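Step one of this worksheet: look at the structure below.
The values are calculated or read from the model by the stated rules, or taken from the named source; none is laboratory data. Owing to the predicted nature of the structure, the values given are computational and were not obtained by experimental measurement. Cβ atoms come from the backbone with ideal geometry, glycine included; neighbour counts cover every protein chain shown. With ligands, DNA and RNA removed, areas are computed over all heavy atoms of the protein, side chains included. Shrake-Rupley method; radii C 1.70, N 1.55, O 1.52, S 1.80 Å.
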Amino acid sequence: MSAEYDIKSPSLAHEGRLRIEWAAREMPVLAQIKERFIKEKSLAGMRISACLHVTTETANLALTLQAGGADLVLCASNPLSTQDDVAAALVDCGIPTNAIKGEDDGTYYRHITTALNHRPQLTVDDGADLVTTLHTKRSKLLKDVLGGTEETTTGVVRLRSMEHAGKLTYPIIAVNDAQTKYLFDNRYGTGQSTLDGVIRATNVLLAGKTLVVAGYGWCGKGLALRAKGMGAHVIVTEVDPIKALEAAMDRCRVMPMLQAASIGDIFITVTGDKHVISQDVIPLLKDGAILANSGHFNVEIDIPSLERFSSSKRCVRQFVDEYTLQNGRRVYLLGEGRLINLAAAEGHPASVMDMSFANQALCLEYLVKNRGTLATKVFAVPAEIDKDVARLKLATMGIDIDTLTPEQEQYLASWEEGT
């Protein structure tokens, strides 16, 4: 192994391998792609720098890319999301990995720099920190890059901003926007894993609690659905009138955050925006309010204001910091305001990540096959890849669907036939 790696301990590798194997049981689509990659060497010789959550599911993607002939270096996309045993197992499998759970910001960006030292031809990003670092601090490496993928809503927003500003220098496929990603990963994955993180951190009973969901995109929809299923009273806060209307039709109470502040028992942000729980909201929170974030960056809760308004702070449980406000009320921040589903739990179930990472693998293959022909922009996942992933997933579930008859195809393609 020529590239550098930095992990907590190589001694954790055996446990990590077992957990990677367990996740693979729920990732049959990626397994089929891996089998084909082994035969075709679809990514032969491609240098890939990947900045992803280092989890068991990510490990199965990394092993798939390696099986396809890729030369891969991996770093963490969040300081608290790394599973240290998985990082050790990947190093043991010959994939240089730079990730330690709880790493400080300096270490986090040093790890990104190490991944970029690999001189990537392809980038795989989760939040766009690797891509923005590449464009701002390592721009001499850009000449070698033929394309990349991005898996998060936050990252896609950043990359589209780069594109509109004329700063993006190579094509990137927005894997996040594939239907087989956001309809399942965002909705079912985030919905379940976020509550898993909150419950593991606090052991709180959701039934009877008032849970405030900030943002009603696909992540918020899934979260609200799961919370209602566990007996919580759900309030949704939104800035988009259409999403707010949808939440109301879905039997959620809808109101501004300033109104929800004094009502909610648990607050979970999934907006991708900054200071959704703002300095104006914090003094209104009731005693015992729990704050958690499931957006990519730890900016959705105004933590600097929370610190400023507090007279004391102490860690009362792992991943739970108690802030005593100057008004005497106690507020509990989970996982330092970082992704709670990865900070305090294991992230999304492998079954939904099977589709997300199938999209990643197939999109990287697409970029290699179409190198030099794609415009410098953020692309949607090609429709044929999206549908292929869905077909493969259905097949692994033993589900058959109908196909159009020639008559039906002709009818849909024509305009002459009417009433």
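Taken about its Cα centre, segment 77-186 carries a charge dipole of roughly 620 debye when the Cβ of each Lys and Arg holds +1 and the Cβ of each Asp and Glu holds -1. Each label point was placed 7 Å from the Cα along the Cα-to-Cβ direction; for Ala165 and Lys286 their separation is 4.2 nm.
Measuring nothing but how far apart in sequence close Cα pairs (under 8 Å, 6+ apart) lie, relative to its length, the chain scores a relative contact order of 17 percent.
Note on surface exposure: Cys51, Cys219 rank Cys219, Cys51 by accessible area, highest first, 1.4 Å probe. A dipole drawn for the chain from +1 and -1 charges on Cβ atoms has a positive end, and of Ala224, Asn186, Ser305 the residue lying farthest that way is Ser305. With the helix formula -39500 (n - 2.57) applied to DSSP H stretches of n ≥ 4, the chain reaches a computed 222 nm mean residue ellipticity of -12000 deg cm²/dmol. Measuring with a 1.4 angstrom probe and ignoring ligands and nucleic acids, Trp218 comes out at about 90 Å² accessible. Here segment 198-279 is treated with +1 on each Lys and Arg Cβ and -1 on each Asp and Glu Cβ, and its dipole about the Cα centre works out to around 260 debye. Ranking of Arg187, Arg371 by solvent-accessible surface, largest first: Arg371, Arg187 (1.4 Å probe, protein heavy atoms only, all chains present).
Taking all protein chains as they are arranged and a probe of 1.4 Å, the heavy atoms of Tyr188 leave approximately 80 Å² accessible to solvent. In summary, the aspartates and glutamates within cross-link reach of Lys41, defined as a Cα separation below 18 angstrom excluding same-chain residues under 8 places away, comprise Asp71, Glu365.
When segment 26-93 is described by a simple charge dipole with +1 on each Lys and Arg Cβ and -1 on each Asp and Glu Cβ, the residue from Ile48, Leu63, Asn78 located farthest towards its positive end is Ile48. In the complete set of protein chains, residue-level accessible area for Asp287 is approximately 80 Å², probe 1.4 angstrom.
Distance from the alpha carbon centroid of segment 341-398 to that of segment 111-180 works out to 16 angstrom.
Segment Ile399..Asn370, full-extension length gain: 7.2 nm, with 0.36 nm per residue of separation and the alpha-carbon distance subtracted.
Of Thr269, Thr153, Thr136, the residue with the largest accessible area leads and the full order is Thr136, Thr153, Thr269 (1.4 Å probe).
Quick check on segment 284-408: take the gyration tensor over C-alpha atoms, sort the square-rooted eigenvalues as a ≥ b ≥ c, and tell me if it's rounded (a/c under 1.5), prolate or oblate. In terms of gyration-tensor shape, prolate. For Asn98, what charge total do you get from the other residues with a beta carbon under 11 Å from its beta carbon, if Lys and Arg give +1 and Asp and Glu give -1? Spelling it out: positives minus negatives among the neighbours equals -2.
With 26 Å as the limit on Cα-Cα distance, the pairs of Lys34/Lys140; Lys8/Lys143; Lys140/Lys377; Lys39/Lys393; Lys137/Lys387; Lys39/Lys137 that go past it are Lys34/Lys140; Lys8/Lys143; Lys137/Lys387; Lys39/Lys137. With a/c under 1.5 counting as rounded, go ahead and sort segment 1-60 into rounded, prolate or oblate using the C-alpha gyration tensor (a ≥ b ≥ c being the square roots of the eigenvalues; past the cut-off, prolate if a/b is larger than b/c, else oblate). Oblate. When only the Cβ of Lys, Arg, Asp and Glu is charged (+1, +1, -1, -1), the dipole of the chain relative to its Cα centre reaches about 880 debye. Within the chain, what percent of beta bridges assigned by DSSP are antiparallel, to the nearest 5? Given both bridge residues lie in the chain, the antiparallel proportion sits at roughly 20 percent.
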